[in-house]
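Asks: Shown below is the structure under consideration.
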Amino acid sequence: MKAVQVHAHGGIDELRYEETDDPELKAPTDVIVKLRAAAINRLDIGIRSGEIGTEVFFPRIIGSDGAGTVVAMGSAVTNVKLGDNVCLYPLNDCGRCDFCATDREHRCAERRVFGERENGTYAEYVRVPGRNCFSIPSGMSFEEAAAFPLVYVTSWRMLITQAEFRPGEWLLIIGGGGIGTAALHVAASLGTSIILASSNDEKLAKAKLLGAEHGINYRNADLAKEVRRRTGKRGVDVVIDCVGGDGWVKCLAALARGGRLVTCGAIGGAHPATDLRRIFWNNLKVFGAAPGTRAEFRQLQNFFEVSGTKPIIDRVYALQDAAKAQRRMEKGKAFGKLVLRIGD
Ligand SMILES: [Zn+2]
């Protein structure tokens, strides 16, 4: 099959589109999916560069998100049948520990995304556990079905599970990348007042079209002051922070009393100075969020079914142009998901 493989940690030149062996069923619980689309995540860039990843093997096919058709399956798989079109829950785990047995697989010690310790989805075929295959929400194309899993299941966990976000609350989203736009999409359909903060005016203009009431360019403005001004000095109830760095300090200052902040990224810096007094004086709650569980993935599927909405896609590239797609992400230009089309 054709795949995009990484032969050594490094820059974008390490991505090679080439011929490699087809994956084979290994366990009776495995499924082989003929992929029709994959999506780019920032995590892929971290895995390629060597910034993320514990067990290294080369060459390695990266990519966590995918959608396609089941073409082979082990004898123990019961939730799908040959020919089913599926989207993939993008993480693997042990499936046996107490956490996995009780729908809390986000706490499993063996948890990892596809492409991290086994081959991923920048390929014509992938082997995955059958229990990672889910039906594609009605009316979604393969490209749309590959675009939502990782960023939407993460933003869902941030917004719904951790922050317990409620309609009518004020929401501040930092960053217009994959998770930020997914959070914007979900929150906008709940009926709420959203402020999106980004360093890019073009992204701010697009965010308004998708339901953000306010856009703030945090390069040119004091974010906390601007948020106070636009919320009648009150501050926001929830912050979704995908960036970290010094912006984190401004996020805490932008929260209303009793507000909640959920963090999932540190591309702006991992060691911001924090005034702890602000957290206890104002009764703030700070949460972390890794990608959600299969149970949350099912809630997300229902959300797409009931709302009839589709994930936000920035651009679609052919599989062999994965490097071009990653370059667009590295430049911070994408608003929404970058998707790879696979096959004809
Ligand atoms: Zn486990």
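Each value in this text was obtained by applying a stated rule to the coordinates, not by laboratory testing. The model shown is predicted, which means the values in this text are computed figures rather than measured ones. Using ideal geometry, Cβ is built from the backbone for each residue, glycine included, and neighbour counts are taken over all protein chains shown.
Asks: To make sure I understand, if each residue's beta carbon is the centre and we count other beta carbons within 10 Å, what order do Y152, Y317, Y122 fall in, fewest to most? Display every interim value, and only then the final one.
Replies: Numbers: Y152 29, Y317 17, Y122 33.
Sorted ascending by nearby Cβ count, the order is Y317, Y152, Y122.
Asks: Please give the FRET efficiency for L209 paired with R298, using the beta carbon to beta carbon distance and R0 = 30 Å, rounded to the nearest 0.05. All intermediate terms of the calculation are to be shown ahead of the outcome.
Replies: Values: r = 29 Å, r/R0 = 0.98.
Taking R0 as 30 Å, the efficiency between L209 and R298 is 0.55.
Asks: Students often get this wrong, so check it: of K203/K285; K203/K233; K203/K310, which have C-alpha atoms separated by over 22 Å?
Replies: Values: K203/K285 28 Å; K203/K233 25 Å; K203/K310 19 Å.
With Cα atoms farther than 22 Å apart: K203/K285; K203/K233.
Asks: So what is the relative contact order of region 152-288, in percent, for Cα pairs below 8 Å that sit 6 or more residues apart?
Replies: Numbers: 283 pairs, mean separation 30.0, N = 137.
For region 152-288, the relative contact order is 22 percent.
Asks: Given all pairs of different Cα atoms, what value in angstroms does the Kirkwood hydrodynamic radius of region 152-288 take?
Replies: For region 152-288, the Kirkwood estimate is 14.3 Å.
Asks: A further question follows. Using 0.36 nm times the number of residues separating R96 and T309, minus their current alpha carbon distance, what extension gain do you get? Could you put the intermediate results ahead of the total?
Replies: Numbers: separation 213, 0.36 × 213 = 76.68 nm, distance 3.48 nm.
Here the segment from R96 to T309 would lengthen by 73.2 nm.
Asks: Oh, and also: Taking N as the number of residues in the chain, what is its Cα Rg relative to 2.2 N^0.38 Å?
Replies: On the way: Rg = 19.9 Å, N = 344, 2.2 N^0.38 = 20.2 Å.
Ratio of Rg to 2.2 N^0.38 Å for the chain: 0.98.
Asks: Work out, step by step, the length gained on full extension between E202 and L276: first 0.36 nm times the residue separation, then minus their alpha carbon distance; give nm to one decimal.
Replies: Length difference between fully extended and current span is 23.2 nm.
Asks: With the dipole of the chain worked out from charges on the C-beta (+1 for Lys and Arg, -1 for Asp and Glu) around the Cα centre, which of L159, C87, M73 lies farthest toward the positive end?
Replies: Towards the positive end, the residue furthest out is L159.
Asks: Further question: With helices defined as uninterrupted DSSP H runs, which ones in the chain have an alpha carbon span along their own long axis of at least 18 Å and mean Kyte-Doolittle hydropathy of at least -0.5? Numbers along the way, then the final one.
Replies: On the way: long enough: 178-190 (19 Å, 1.38); 294-307 (19 Å, -0.65).
Span-like helices, by this rule, are 178-190.
Asks: Roughly how big is the chain's charge dipole about its Cα centre, with Cβ charges of +1 (Lys, Arg) and -1 (Asp, Glu), in debye to the nearest 20?
Replies: 1320 debye
Asks: Right, next: Measure out, as a whole number of angstrom, how far apart the alpha-carbon centroids of region 1-15 and region 176-200 sit.
Replies: Cα centres, region 1-15 to region 176-200: 32 Å.
Asks: Where the only charges are on Cβ atoms (+1 Lys, Arg; -1 Asp, Glu), what is the dipole of region 41-128 about its Cα centre, to the nearest 20 debye?
Replies: Details: 11 positive and 13 negative charges, 10 e Å.
Charge dipole, region 41-128, about its Cα centre: 40 debye, nearest 20.
Asks: Principal axes first, then extents: for the Cα atoms of region 1-103, list largest minus smallest coordinate on each axis, whole Å, largest first.
Replies: Taking the Cα atoms of region 1-103, the three principal extents are 41, 34, 22 Å.
Asks: How many nm separate the modelled label positions at K2 and F287, each set 7 Å beyond the Cα in the direction of the Cβ?
Replies: Going from the K2 label point to the F287 one covers 4.2 nm.
Asks: Calculate, for E110 and D222, the FRET efficiency according to 1/(1 + (r/R0)^6) with r their C-beta to C-beta distance and R0 51 Å; round to the nearest 0.05. Don't jump to the answer; show the numbers that get you there.
Replies: On the way: r = 44 Å, r/R0 = 0.86.
The calculated FRET efficiency here is 0.70.
Asks: Quote the FRET efficiency, to the nearest 0.05, computed for I12 versus K233 with a Förster distance R0 of 41 Å and r equal to the Cβ-Cβ distance.
Replies: Working: r = 46 Å, r/R0 = 1.12.
The computed FRET efficiency comes out at 0.35.
Asks: At 222 nm, what value in deg cm²/dmol follows for the chain if DSSP H runs of at least 4 each add -39500 (n - 2.57) and the sum is divided by all its residues, to the nearest 500?
Replies: For the chain, the value works out to -7500 deg cm²/dmol.
Asks: For the ranges 11-18, 178-185, what's the packing order if you count other beta-carbon atoms within 10 Å of each residue, average per peptide, and put the highest first? Could you put the intermediate results ahead of the total?
Replies: Values: 11-18: 14.5, 178-185: 27.8.
So the order, starting with the most tightly packed, is 178-185, 11-18.
Asks: GNM on the chain, C-alpha springs below 10 Å: top fluctuator among P272, P90, P129?
Replies: P272
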